[in-house]
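First comes the structure, then the notes that go with it.
The values are calculated or read from the model by the stated rules, or taken from the named source; none is laboratory data. Just so we're clear, the structure is a prediction, and the values are computed from it rather than from any experiment. Because the Cβ atoms are built from the backbone with ideal geometry, glycine has one as well, and the counts that use them run over all protein chains shown. Keep in mind that these areas ignore ligands, DNA and RNA; they rest on the heavy atoms of the full protein, side chains included. Shrake-Rupley method; radii C 1.70, N 1.55, O 1.52, S 1.80 Å.
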Amino acid sequence: MPATHEVLNQPPPLTDFDVADDPALLDALAREGAGWALPAVRELGQLAGSAQAREWGRLANEHPPRLHTHDRYGNRLDEVEFHPAWHSLMQVAVSHGLHAAPWASAQPGAHVARAAGFYVWGSAEAGHTCPISMTYAVVPALRHAPALAAVYEPLLTAQVYDPGTRPPLAKQGLLAGMSMTEKQGGSDVRASTTRAVPAGDGSYRLTGHKWFTSAPMGDLFLVLAQAPAGLSCFLLARDQNDLWFPRLKDKLGNRSNASAEVEYDGAAAQLVGDEGRGIQTIIDMVNMTRLDCVLGTATLLRSAVVAAAHHCRYRSAFGRPLVAAPAMANVLADLAVESEAATVAAFRLAGATDRAVRGDASETAFRRLALAATKYWVCKRAPGHTAEALECLGGNGYVEESGMPRLYREAPLQSIWEGSGNVAALDALRALTRQPECAEAFFAELDQARGADHRLDDAIERLKKDAADPAEHIARRLAESMAVTLQAALLLRYGNPAVADAFVATRLSGAGGRAYGTLPPGTPTAAIIPRATAELG
């Protein structure tokens, strides 16, 4: 067709920029003891922002995994086929140690460095971070069985991506998954009906099913099953085992990643931890994946606001760039404030994780409560935030080619994964009421910001009063209050002053409205928006 018009007033593609050029991230990396990792994080940031990585992300979602239940002769196969783009994404993640490398490092800050890489590289594509997160999280749980850990941990931490179904000990690197929930129980994993029968040689045989299995093409899985002494945790290898996948889940988002139903028919497994203490064993894995839920949400919020700010920087309407319109500037700044609050909280938790792993009891107690509350609140913020960012692009944002619908479909996932809203809020309540050392460590953290702003001081006093007499029906409100107060305290101590003041004014003092874009008059939006604006090239 002949040209009918010239295409004008469209933003350039959001590619070829450094995702790690993120002030909140860079400050946190140094503050939490991993400044030494800056060159590697910058390298990943440039790769994550490249046109090649963005294309891998698109292709991995355009061509989701396919389950092959049988081979051409009718034999059970149960293999999941992925697009080559998926394998490219996985190769980068594993070769940079985002899966489990910190567990093999004695260097302080190793878990923070890994968190930064996970945060940055996850912006290229969210789905493939599931098996990366599962593998990271399996190691501390597996250590409940020292003999098994001695065999498998070196392969789990190896920075070699070695896909395919082969005996684990014949591979150069391993990935892991987790199978907990069943049809009849969901979050109530104690309702599990999968049976584990001792085989007489120290192993067990598992029979039953799981409704959701994360990363079904992993090499190893932690599985909950009912043993003679009660619900227990087991390690199961996928190769040559009596298990099959009836189907993959047809999900709202996270479509590049396979999630499967699985059935076991006498599958061989090894006990991890003590019989009857399955939840206490696997909770170490769950808590590590919860950290990644917060990190993954922070990545999503950052990706959404960067995309919105990029569009508004180059798109003009009514004679001026959109970013120069006060109403739009208010929206963008508000989205940026929410993003930075999530990032500062996520990396405080990553730092606490690193120090807890190295034996710091106070950080362990702080993390126990702060992680549950933050996981509840930060992940809850994602759908509304992403929808608002999408709207900044108008109709263009509703079109798949913009990339915004993929972000929007991803937004609810982290709030559901590893304990949906009520589960996370009730877990925070449990830590608050049953482990006094957790409440003590949490409020000690808040008290370090006392005096910085009277509005925070007032919020801390309100929270202490509410926490003194908690009840189950206010679990959500209490978890929200804990998370928001913690974010405010961290921003006032470490954040950009304009961001911190806007957050405290709107999230603690009610000076904002109910929607994004309702920052109070006088908010210096021009000082906030550039912090969320990508520099191309």
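See the values below:
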read-out: Which of 460, 474, 416 is most accessible, then next, and so on - probe 1.4 Å; value: 416, 474, 460
read-out: Protein accessible area in region 34-157, 1.4 Å probe - carbon and sulfur %; value: 56 percent
read-out: Under Karplus coefficients 6.51, -1.76 and 1.60, residue-wise ³J(HN,Hα) of region 388-393 in Hz, glycine/proline x; value: 5, 5, 4, 5, 4, 8
read-out: Point-to-point label distance, residue 251-residue 16, nm (Cα→Cβ direction, 7 Å offset); value: 3.3 nm
read-out: Rough spin-label spacing in nm, given labels placed 7 Å along Cα→Cβ, for residue 199 and residue 471; value: 5.2 nm
read-out: Calculated FRET efficiency for the pair residue 51/residue 106, C-beta based, R₀ 30 Å, to 0.05; value: 0.20
read-out: Positive-end residue of 169, 536, 470, charge dipole of the chain with Cβ unit charges; value: 470
read-out: Values of log10 I(q)/I(0), in the order q = 0.13, 0.15, 0.21 Å⁻¹, for region 226-274 under a Debye, Cα-only, solvent-free model; value: -0.44, -0.56, -0.86
read-out: Modelled label reach - residue 518, point 7 Å along Cα→Cβ, region 388-425 residues with backbone N closer than 15 Å; value: 388
read-out: Fraction of accessible area attributable to carbon and sulfur, region 403-490 (%, probe 1.4 Å); value: 50 percent
read-out: Cα shape, region 138-197, gyration tensor, a/c 1.5 rule; value: prolate
read-out: Integer Hz, Karplus 6.51/-1.76/1.60 couplings in order for region 186-198, x for Gly and Pro; value: x, 5, 7, 5, 5, 7, 4, 10, 5, 9, 10, 10, x
read-out: C-alpha long axis of helix 421-434 to longest principal axis of the chain, angle in °; value: 80 degrees
read-out: Heavy-atom surface of the chain, accessible at 1.4 Å and reported per residue (Å²); value: 40 Å²
read-out: Long-range HN-HN contacts of residue 230 with modeled amide H, under 5 Å; value: 276
read-out: Highest-first arrangement of 25-35, 66-76, 243-253, where packing means the average Cβ count within 10 Å; value: 25-35, 243-253, 66-76
read-out: Rounded to the nearest 20 debye, dipole of region 299-359 from Cβ charges on Lys, Arg, Asp, Glu; value: 140 debye
read-out: Region 429-537, dipole about Cα centre (Lys/Arg Cβ +1, Asp/Glu Cβ -1), debye to the nearest 20; value: 280 debye
read-out: Extension gain from residue 73 to residue 461, taking 0.36 nm per residue of separation minus the Cα-Cα distance; value: 132.8 nm
read-out: Given charges at Cβ of Lys, Arg, Asp, Glu: region 16-169 dipole, positive-most of 140, 121, 56; value: 140
read-out: Convex hull of Cα atoms in region 297-430, direction-averaged projection (nm²); value: 9.1 nm²
read-out: Calculated diffusion of region 33-165, Stokes-Einstein form, Kirkwood radius summed over Cα pairs, 37 °C and 0.692 mPa s, µm²/s; value: 204 µm²/s
read-out: Order by protection proxy (mean Cβ within 10 Å, highest first), peptides 356-369, 494-507, 213-226, 444-457; value: 213-226, 494-507, 356-369, 444-457
read-out: Cβ-defined net charge surrounding residue 24, 9 Å radius [Lys, Arg +1; Asp, Glu -1]; value: -1
read-out: Total lysine pairs under 18 Å (Cα atoms) in the chain, excluding pairs fewer than 8 apart on one chain; value: 5
read-out: Nearest 10 degrees, 0 to 90: helix 38-48 Cα axis against the chain principal axis; value: 90 degrees
read-out: In degrees, nearest ten, helix 436-447 long axis to first principal axis of the chain (Cα); value: 20 degrees
read-out: Principal axis dimensions, largest first and in whole angstrom, of region 159-303 by Cα; value: 52, 36, 27
read-out: Carbon plus sulfur fraction of accessible area for region 246-377, probe 1.4 Å, in percent; value: 52 percent
read-out: Surface/4 estimate of mean projected area, convex hull on alpha-carbon atoms of the chain, nm²; value: 26.8 nm²
read-out: Rounded, prolate or oblate (a/c below 1.5 giving rounded, otherwise prolate when a/b exceeds b/c) for region 382-537 by Cα gyration tensor; value: oblate
read-out: Computed lengthening from residue 396 to residue 422, 0.36 nm per intervening residue step minus Cα-Cα distance; value: 5.9 nm
